[in-house]
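Below: one structure, written as structure tokens.
The values are calculated or read from the model by the stated rules, or taken from the named source; none is laboratory data. These numbers come from a predicted model, not from an experiment. All Cβ positions, glycine included, derive from the backbone under ideal geometry; neighbour counts span all protein chains shown.
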Amino acid sequence: MIADLSSLASVRGLAADFGARCSKLDALINNAAVFLSSRKVTPEGFEQMFATNYLGPFLLTRLLIPYLEAAKPSRIINVTAPSTTRPNLDDLQGERKFSPLGAFGASKAADLLFTYALARRLEGRGITVNAYHPGIMRTGLNSSAPTLVRLVAGVLNLFAGASPEKASEELVQWTMSDRFAATNGQLVHGGKTITAPFIEDKDLQDRFWNASCSLAAVKETV
């Protein structure tokens, strides 16, 4: 099934298509990301990186929770990074201040905040929610990033980048292994949980959750 995750209308269509074909979902891996060199806005009015990297997957996850609950025990994994860029709740679309690196970092932090908030809300319902950091990867993610970012990423990829296949192997383990069945609300990397930004800031998690629900036009309760 194909959808444009930067479009909330497309995401809703995907969820409806899934519901028409399937009654259960064992695992959901959110792995969409773009890195753009300038501010671009979707037809629905959202900044492109925010929409693709975070808001679309947020909405998709919310819409698929009934199917995940029907298949419990089930798992949600958000592929992200340990970003310390605090999202500005008063300027989530970068209308007042925008930098490509800042917007990308904020979208990755948004995935973390979403992970923690949803994990708390689904606790005891048979669905675990975790974030997964694959590390430096040899992908085309930075092909549309600013020149300096592309150069730095190219050097890092050359000397320290892992293949997508290697990251996928670890991701499959986190998705399917009984060893991680009880892990919830954590950032994982290298086969273990690691220190994660904002993990103790429940106030920020909840305020960001409420803002996201408003933007995606979904209820705050799950």
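Run down 83, 74 and say which single residue is among the small types (Gly, Ala, Ser) and closer than 22 Å to residue 203 by Cβ.
Working: 74 fails: closer than 22 Å to residue 203 by Cβ.
Exactly one residue qualifies, and that residue is 83.
When you scan region 1-23, how many residues do you find that are among the hydroxyl-bearing types (Ser, Thr, Tyr) and in contact with a Phe, Trp or Tyr (Cβ under 8 Å, 6 or more places away or on another chain)?
Count: 2.
Residue-by-condition table, conditions (1) at pLDDT 90 or above; (2) out of contact with any Leu (no Cβ under 8 Å at 6 or more places or on another chain); (3) surrounded by 17 or more Cβ atoms within 10 Å (Cβ to Cβ):
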{"position": "142", "(1), (2), (3)": "no, yes, yes"}
{"position": "160", "(1), (2), (3)": "no, yes, no"}
{"position": "165", "(1), (2), (3)": "no, yes, no"}
{"position": "171", "(1), (2), (3)": "no, yes, yes"}
{"position": "198", "(1), (2), (3)": "yes, no, yes"}
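Under the condition of being over 15 Å from residue 58 (Cα atoms) and at pLDDT below 95, which residue from region 3-45 is surrounded by the fewest Cβ atoms within 10 Å (Cβ to Cβ)?
38
What residue, among those in region 61-108 that are of a type in the set (Gly, Ala, Ser) and under 20 Å from residue 167 (Cβ atoms), is surrounded by the most Cβ atoms within 10 Å (Cβ to Cβ)? Let's see the steps before the verdict.
We begin by selecting, within region 61-108, every residue of a type in the set (Gly, Ala, Ser); these are 70-71, 74, 81, 83, 94, 99, 102-103, 105-107.
Narrowing further to those that are under 20 Å from residue 167 (Cβ atoms): 81, 83, 105, 107.
Values: 81: 23, 83: 20, 105: 18, 107: 27.
Top of the filtered list is 107.
Being of a type outside the set (S, T, N, Q), outside any loop (DSSP other than H, G, I, E, B) and free of Cβ contacts under 8 Å to residues at least 60 places away in the same chain is true for just one of 62, 75, 12. Which residue is that?
When all the criteria are applied, what remains is 12.
With (1) of a type in the set (Phe, Trp, Tyr); (2) within 9 Å of the chain's Cα centre (by Cα); (3) more than 18 Å from residue 17 (Cα to Cα) as the list, and residue 58 as the residue in question, which single condition is left unmet?
(3)
Within region 35-75, count every residue that is more than 23 Å from residue 117 (Cβ to Cβ) and out of contact with any strand residue (DSSP E or B) (no Cβ under 8 Å at 6 or more places or on another chain).
7
I need every pair where a residue in region 31-57 that is over 12 Å from residue 5 (Cβ atoms) and in contact (Cβ under 8 Å) with a residue 24 or more places away in the chain has its Cβ under 7 Å from the Cβ of a residue that is assigned to a loop (DSSP other than H, G, I, E, B) and among the charged types (D, E, K, R), sequence separation at least 6 or different chains.
Pairs found: 47/39.
Looking for whichever is modelled with pLDDT under 80, closer than 19 Å to residue 33 by Cβ and in a helix (DSSP H, G or I) here; the options are 102, 154, 135. Which one fits?
Result: 154 is the single residue among 102, 154, 135 that is modelled with pLDDT under 80, closer than 19 Å to residue 33 by Cβ and in a helix (DSSP H, G or I).
Tell me, which residue of region 109-127 that is touching an Asp or Glu at 6+ places or on another chain (Cβ under 8 Å) and surrounded by fewer than 19 Cβ atoms within 10 Å (Cβ to Cβ) is nearest to residue 167 (Cα to Cα)?
126
Considering only region 144-151, I want to know if a residue exists there that is modelled with pLDDT under 70, within 26 Å of residue 90 (Cβ to Cβ) and of a type in the set (Gly, Ala, Ser).
Yes, there is a match, as at least one residue in region 144-151 is modelled with pLDDT under 70, within 26 Å of residue 90 (Cβ to Cβ) and of a type in the set (Gly, Ala, Ser).
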